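FYI, it's all coordinate maths here, none of it is from the lab. Keep in mind it's a predicted model, so treat the numbers as computed, not measured. Here the Cβ positions follow ideal geometry from the backbone for every residue, glycine too, while neighbour counts run over all protein chains shown.
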There are 2 protein chains.
Amino acid sequence: MKRSKVAALLATTEIDREVLVKGWVRTKRGNKFVSFIALNDGSTINNIQLVADAEKFSEDSLREVTTGACIAASGILVASQGKGQTVEIQVNNIEVLGAADPEKYPLQKKGHSLEFLREIAHLRPRTNTFGAVLRMRHAMAFAVHKYFNDHGFYYVHTPIITGSDAEGAGQMFQVTTLDPANPPKTETGEVDYTEDFFGKQTNLTVSGQLEGEVAAMALGQIYTFGPTFRAENSNTTRHLAEFWMIEPEMAFADLTDNMDSAEEFLKFLVMYALNNCKDDLQFLNDMYDKELLNRLNFVVQNSFQRLEYTEAIEILKSAKQKFEFPVEWGTDLQSEHERYLVEKHFKKPVILINYPKHIKAFYMKQNEDGKTVRAMDVLFPGIGEIIGGSQREENYEKLAQRIQEMGIHEEELWWYLELRKFGTAPHAGYGLGFERLMLFVTGMGNIRDVIPFPRFPKSAEF
Amino acid sequence: MKRSKVAALLATTEIDREVLVKGWVRTKRGNKFVSFIALNDGSTINNIQLVADAEKFSEDSLREVTTGACIAASGILVASQGKGQTVEIQVNNIEVLGAADPEKYPLQKKGHSLEFLREIAHLRPRTNTFGAVLRMRHAMAFAVHKYFNDHGFYYVHTPIITGSDAEGAGQMFQVTTLDPANPPKTETGEVDYTEDFFGKQTNLTVSGQLEGEVAAMALGQIYTFGPTFRAENSNTTRHLAEFWMIEPEMAFADLTDNMDSAEEFLKFLVMYALNNCKDDLQFLNDMYDKELLNRLNFVVQNSFQRLEYTEAIEILKSAKQKFEFPVEWGTDLQSEHERYLVEKHFKKPVILINYPKHIKAFYMKQNEDGKTVRAMDVLFPGIGEIIGGSQREENYEKLAQRIQEMGIHEEELWWYLELRKFGTAPHAGYGLGFERLMLFVTGMGNIRDVIPFPRFPKSAEF
């Protein structure tokens, strides 16, 4: 008999038939007449109840059916008498595929702290919380691909290993095949990178944007979705050394098009979660964050407030609230400022635009005022910045000048500059940190809990 | 006016209306009465023809409309008089967004060698060939996600940076923030990796399989799709230092299920290409490989031949063909052997199973004969091995023994072993090299031409 998935059985109306299920035992309880086994197979957060009559199953025959054990069970799918489920299985046969010694299996019935679960990342997907998070991570990743495919964007794999350190988004990890204990040296005593694998010093990428622009300037609309890296020694709930980024890039788009795209995209993703992850969302809402569903609905239902950076500074200056960091035109906004704008002042997501050029990246298009660039940050409740983007500088001379002003190695960016020399066009794009999105849609508080195997300072386990 | 994509205009029946297009000039030709401009915007391999009457456009006004220039053009979409297209645009207005100096722009009309185009990877997406390849790469990536989503598999991001060197699939790149010119040393003079970013030596992953198994043993069916790395100094048309792998893993699956899944998955992908990439495939078929479409149809229409390794050895031994490498039970098959089986003997794709255990990885399930493991390789015409996989050893003792026999650091794999200690289950999976698939569906001959920015020894440009 073919195995049925629990999700399919819980949704079916075809009862009174024989079925086979396989999965992991969450709980077993009962009395001398009957045992009730809650089985989960990962296809849904909900368990299916197996009813094992004592007439058929002696206590001894169920000895190894304990929390964490993997079993195959067949029987008749029937309407359930109990509350909380519509169907259950009157089992006729149980096979233990893999036991889980109750003395040693770390995931017993009692609740576990998220910190403890991080130490057993190989088992935590078997908990309700991480099952829900991982199913939602899949749903969100699929929604990303579906959105862009439906809108005529092409997925581009930008390189992970880069010979450039000009991306300027943060500290980088070095990639090498040299032996650090004894690297080859040049005559002047420096490490001789011409003998390294790529013939020069290489790093892990901090962004696929620049290469994404290459593709956009040929294919029109593209997006990247891949891992990016920061070698920053930050032990916060918002930073990882390895995380996934989504970076769309659009030829023939200006800052307004960019805002329109970012808002539509985010609303699509949140709507997709609401429509496709109902059970997992309800669990996370009930267990972790009672405002989660409200917040998701709120984002879908409201237009994002679009606002000049300069106006935001005025609002913050006249705010009655005391801020820890001072507000002055020309300074970057802190999290407290972003959250004030979103959560207190406008009470909806905010898109801030036209930031001072000296606090933004070299590739952003300069405005005619000589002071600001066509940057945009999308600010979300509870999260702060969820998307950062800009219209790009498409003018060769202005871009080359900015590269020089900022002391960036121009010779590394010859190809990026050439995009402006041959058939340049206005274009714009943005970056969405996938784990930031996951924090928002799951309501989880720590970014280490929305990625299967988190990488952070002093930790690269599993 | 909103820009229309060329793909949409070429497919429309609504003519005699004003349209705006933006894109890159492929060619301009004409006479003293009229100019014909072939415009491409990346949405399709086909250009749209712009017809510019000399009455409206002086020669001088079209001076910058040269190959490679980016323009915006508006006019009336009309039925075309010329052959090879159904519609064209009688243009009223042309704006040059970005010129491309004909003296300097490297992509003039004449054909270019693939070797030359590799040196200008920032411009090659603007050629017909790489436009086709990149659109197909998108289509194949989307098809991968669609297939697994539709079949209830969850996408899992396995880590890129790994503290393990036990995956055993090849030489690894080291990831570090230590200064190789002057790394911290221990008292005994060795590099002190406790001071490295992760507190130990770390590498770039060669496979997400082991972590994928973690997820499968909780969620049931999962897949990975991410970059993997090999630091091997191989300059071939089949190897890259950085490439993308797809690795599904299924709980409760045996070797037969694995074969069924791999065959269905590959057929789905090839069928998706045939249905969704018609124009790009026709171009590649005409330009590079006249057998391409035949080969794709052939794969979709034929059952894959399933065959024991031992039987394959017998067939090869009795073959009339002379092989360069000798055939003996216990040796790995060479490309010439694989191609003989696929292209000469069976004349269809072949799935070879039950290989000698000493030529396969430690995690493969041992057969009862004591000599073979439940491995499978899917062999394709022109490509050789396109998929490798196996049923996994789910028995704790057998796996631990095999790890010991093969001299692998068991302490690095404690978590992998624990999957067999707590609720183990039969499971199986396989790996598809995405660029191998791309070689097959595009008919391209060199793996460096099916990824946007190839990484190989001495080359990490762009």
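Points to keep in mind about this one:
- For A:Lys347, inter-copy label distances in nm, listed shortest first [label point 7 Å out on the Cα-Cβ vector]: 7.5
- Gyration tensor (alpha-carbon) shape descriptor, segment B:214-356, a/c threshold 1.5: rounded
- Sites B:Thr237 and A:Asn31, calculated FRET efficiency, Cβ-Cβ separation with R0 51 Å, nearest 0.05: 0.15
- Long-range amide H partners of B:Leu20 with built H, under 5 Å: B:Ser4
- Once the C-beta distance of B:Thr186 and B:Lys371 is scaled by a Förster radius of 41 Å, the resulting FRET efficiency is 0.40 to the nearest 0.05.
- Label point at A:Ile359 placed 7 Å out along Cα→Cβ; residues across segment A:291-317 whose backbone nitrogen lies under 20 Å: A:305-317
- Label points for B:Asn276 are taken 7 Å from Cα along Cα→Cβ. From this copy to the others they lie 1.4 nm apart, shortest first.
- Averaged over the residues of peptide B:123-129, the number of Cβ atoms from other protein chains lying within 10 Å of each residue's Cβ is 4.
- What the Cβ-Cβ distance of B:Asp60 and B:Asn302 gives, at R0 = 51 Å and to the nearest 0.05, is a FRET efficiency of 0.25.
- Neighbour-count order for B:Ser303, A:Ser164, B:Ser80, fewest beta carbons within 10 angstrom listed first: B:Ser303, B:Ser80, A:Ser164
- Computed lengthening from A:Lys83 to A:Lys320, 0.36 nm per intervening residue step minus Cα-Cα distance: 80.2 nm
- Placing a label point 7 Å from the Cα of B:Gln81 along the Cα-to-Cβ direction, the distances to the matching points in the other copies come to 8.6 nm, shortest first.
- Each Cα pair under 8 Å and six or more residues apart adds its sequence gap; the mean of these over the residue count of segment B:6-98 is a relative contact order of 32 percent.
- MRE, 222 nm, helices only [DSSP H, n ≥ 4, -39500 (n - 2.57), over chain A, to nearest 500]: -8500 deg cm²/dmol
- Segment A:325-462 shape via C-alpha gyration tensor axes, a/c threshold 1.5: oblate
- Using the Cβ of A:Arg3 as centre and a radius below 11 Å, the other residues enclosed give a net charge of +1, where K and R count +1 and D and E count -1.
- For segment B:279-327 versus segment B:57-75, the gap between their alpha-carbon centres in whole angstrom: 48
- Counting Cβ atoms of other protein chains within 10 Å of each Cβ in A:179-188 and taking the mean gives 3.
- Over 20 Å apart at the Cα level, from the set A:Lys347/A:Lys371; A:Lys22/A:Lys83; A:Lys267/A:Lys348, are A:Lys347/A:Lys371; A:Lys22/A:Lys83.
- Alpha carbon Rg of segment B:6-98, scaled by the compact-globule rule 2.2 N^0.38 Å: 0.97
- Average other protein chain Cβ within 10 Å of Cβ, residues B:144-153: 3
- Phi-derived couplings, Karplus 6.51 cos²θ - 1.76 cosθ + 1.60 at θ = phi - 60°, listed residue by residue for segment A:180-189: x, 6, 7, x, x, 10, 7, 4, 8, x Hz, with x used for Gly and Pro.
- Cross-link partners of B:Lys344 among aspartates and glutamates, defined as those whose alpha carbon lies under 13 angstrom from its own and excluding same-chain residues fewer than eight positions apart: B:Glu336.
- In this structure, the amide hydrogen of B:Gly30, modeled 1.01 Å from its nitrogen in the peptide plane, lies closer than 5 angstrom to those of B:Phe36, counting only residues at least 5 positions away or on a different chain.
- Residue-span extension gain [A:Ala400 to A:Thr194] - 0.36 nm each, minus C-alpha spacing: 71.4 nm
- Each Lys and Arg adds +1 at its Cβ and each Asp and Glu adds -1 at its Cβ; summed about the Cα centre, chain A shows a dipole of about 1980 debye.
- Across the options B:Val34, B:Leu307, B:Phe453, the greatest Cα extent toward the positive end of the charge dipole of chain B (unit charges at beta carbon of Lys, Arg, Asp, Glu) belongs to B:Val34.
- Based on C-alpha pairs under 8 angstrom that are at least 6 apart in sequence, segment A:108-198 has a relative contact order of 12 percent.
- With neighbour counts taken as other beta-carbon atoms within 10 Å, the residues B:Ile89, B:Ile15 rank, fewest first, as B:Ile15, B:Ile89.
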